[in-house]
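Peer 1: What follows is a structure written as structure tokens; I'll ask about it next.
The values are calculated or read from the model by the stated rules, or taken from the named source; none is laboratory data. Owing to the predicted nature of the structure, the values given are computational and were not obtained by experimental measurement. Reconstructed Cβ throughout: ideal geometry from the backbone, glycine too, with neighbour counts over all protein chains shown.
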Amino acid sequence: MPRASTKSTASPTTAAPAENGAAATDKGSSIESIAQDIATAIVEKRLPPGTWLREEALGRVYSVSRTKIRAALLMLSKDKLIEMIPDKGAFVCQPTVQEAREVFAVRRILESEVVRLFIANARPRDYQVLEQHIRFERTALRQTTTTGTVREKVLGDFHVALAEATGNKTLAELVRELVARSSLIAMLYHSSNDPHCSSDEHSDFLRICRKGDVESAVACMIDHLERIEASLELGTEKPDRQLDLVKALLA
């Protein structure tokens, strides 16, 4: 997959040491589990765009060597969640306005095909899983303790679940990557998207799918993604933000 270069202007931040050197060992010490944990922190907006991911600090958080940390960061760079800058280090990606628009353009193309494949191959169980997810969305939206980052992740997971239901694993992985990158974009460009509206649109979309109306379902999905993109403030580039890396990962 072609790599788009993003220029990071983040300045090194001072990460406070973990209160307990083994505080995060229960997260698992495999390269894959470390990469997944960092990816989750990025998607949940605990690690904003531009954050410097210091290998030494990460090694303390996960109680592993810098070699393992470096391997995990390399995995994330392939997913376009972080950028490895020679002689500087690894940074959470800061998508440009152009890249943001490209991500949503590609999502419209890919997810249109997802819709077609889903309607052609979906079983009753697949509809039940997605309806259950929508109920979960609405429960999360009603709870006052649910943070905006969790709401956004839950809504994004609907698109991933839809892609997984097609049975095409490669397509599902591409959608998963693009949804994660969309979360970065929404974080950087301050999405004003109403989560209740998104959940209602998911429900309307699934209702159309049940009727087998492929073209209407595709149009519904495209409109949904266009509305999400329109909610972003893509007029200007945003400055980077800094934070305590260790505290963010232990949150």
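Peer 1: Limited to region 52-90, what total is found for residues that are within 16 Å of the chain's Cα centre (by Cα) and over 22 Å from Ser29 (Cβ atoms)?
Peer 2: So the answer is 2.
Results for (1) in contact with an Asp or Glu (Cβ under 6 Å, 6 or more places away or on another chain); (2) closer than 12 Å to Glu111 by Cα, shown as yes or no for each residue.
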| position | (1), (2) |
| --- | --- |
| Arg181 | no, no |
| Leu206 | no, no |
| Val218 | no, yes |
| His224 | yes, yes |
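Peer 1: Let me ask something else. Do we have Leu171 as within 18 Å of the chain's Cα centre (by Cα), hydrophobic (A, V, I, L, M, F, W, C) and surrounded by fewer than 18 Cβ atoms within 10 Å (Cβ to Cβ) here? Lay out the reasoning, then the answer.
Peer 2: Values: within 18 Å of the chain's Cα centre (by Cα): yes; hydrophobic (A, V, I, L, M, F, W, C): yes; surrounded by fewer than 18 Cβ atoms within 10 Å (Cβ to Cβ): yes.
Criteria met by Leu171.
Peer 1: Name the residues in region 102-143 that are surrounded by 15 or more Cβ atoms within 10 Å (Cβ to Cβ) and outside any helix (DSSP H, G or I), would you?
Peer 2: Ala122
Peer 1: Checking Glu201 against (1) crowded, with 18+ Cβ neighbours inside 10 Å; (2) under 16 Å from the mean Cα position of the chain (by Cα); (3) closer than 21 Å to Asp223 by Cβ, only one condition comes out false. Which one?
Peer 2: Looking at each condition in turn, Glu201 falls short on (2).
Peer 1: May I ask you to verify whether Thr146 is within 18 Å of the chain's Cα centre (by Cα), surrounded by fewer than 20 Cβ atoms within 10 Å (Cβ to Cβ), modelled with pLDDT of 90 or more and among the polar types (S, T, N, Q)?
Peer 2: Details: within 18 Å of the chain's Cα centre (by Cα): yes; surrounded by fewer than 20 Cβ atoms within 10 Å (Cβ to Cβ): yes; modelled with pLDDT of 90 or more: no; among the polar types (S, T, N, Q): yes.
So Thr146 does not fit the description; no.
Peer 1: Name every residue in region 177-189 that is assigned to a helix (DSSP H, G or I) and surrounded by 20 or more Cβ atoms within 10 Å (Cβ to Cβ), in order of residue number. Explain how you work it out, then say what you get.
Peer 2: Residues of region 177-189 that are assigned to a helix (DSSP H, G or I), as a first pass: 177-188.
Leu178, Val179, Ala180, Arg181, Ser182, Ser183, Leu184, Ile185, Ala186, Met187, Leu188 - these are the residues of region 177-189 that are assigned to a helix (DSSP H, G or I) and surrounded by 20 or more Cβ atoms within 10 Å (Cβ to Cβ).
Peer 1: Look at Ser192 and say whether it is exposed (fewer than 14 other Cβ atoms within 10 Å of the Cβ) and in contact (Cβ under 8 Å) with a residue 24 or more places away in the chain.
Peer 2: Numbers: exposed (fewer than 14 other Cβ atoms within 10 Å of the Cβ): yes; in contact (Cβ under 8 Å) with a residue 24 or more places away in the chain: yes.
Yes; evaluated as a whole, the condition is true for this residue.
Peer 1: List every residue pair whose Cβ atoms lie under 6 Å apart, where the two residues are 6 or more positions apart in sequence or sit on different chains, the first residue falls within region 52-64 and is under 16 Å from Met84 (Cβ atoms) and assigned by TED's automatic domain parsing to the domain that holds Glu32, and the second residue, located anywhere, is among the basic types (Lys, Arg) and modelled with pLDDT under 95.
Peer 2: Glu55/Arg66
Peer 1: Of the residues in region 203-213, how many are assigned to a helix (DSSP H, G or I) and more than 24 Å from Glu102 (Cβ to Cβ)? I'd like the intermediate steps shown before the answer.
Peer 2: Within region 203-213, the subset assigned to a helix (DSSP H, G or I) is 203-210.
From the residues that got through so far, the ones that are more than 24 Å from Glu102 (Cβ to Cβ) too are 203-204, 206-210.
The total comes to 7.
Peer 1: While we're here: For region 42-101: of the residues being of a type in the set (Gly, Ala, Ser) and in a loop (DSSP other than H, G, I, E, B), which is surrounded by the fewest Cβ atoms within 10 Å (Cβ to Cβ)?
Peer 2: Residues of region 42-101 that are of a type in the set (Gly, Ala, Ser), as a first pass: 50, 57, 59, 63, 65, 71-72, 77, 89-90, 100.
Applying the additional criterion that residues be in a loop (DSSP other than H, G, I, E, B) yields 50, 63, 65.
Numbers: Gly50: 23, Ser63: 15, Ser65: 12.
Among residues in region 42-101 that are of a type in the set (Gly, Ala, Ser) and in a loop (DSSP other than H, G, I, E, B), the one surrounded by the fewest Cβ atoms within 10 Å (Cβ to Cβ) is Ser65.
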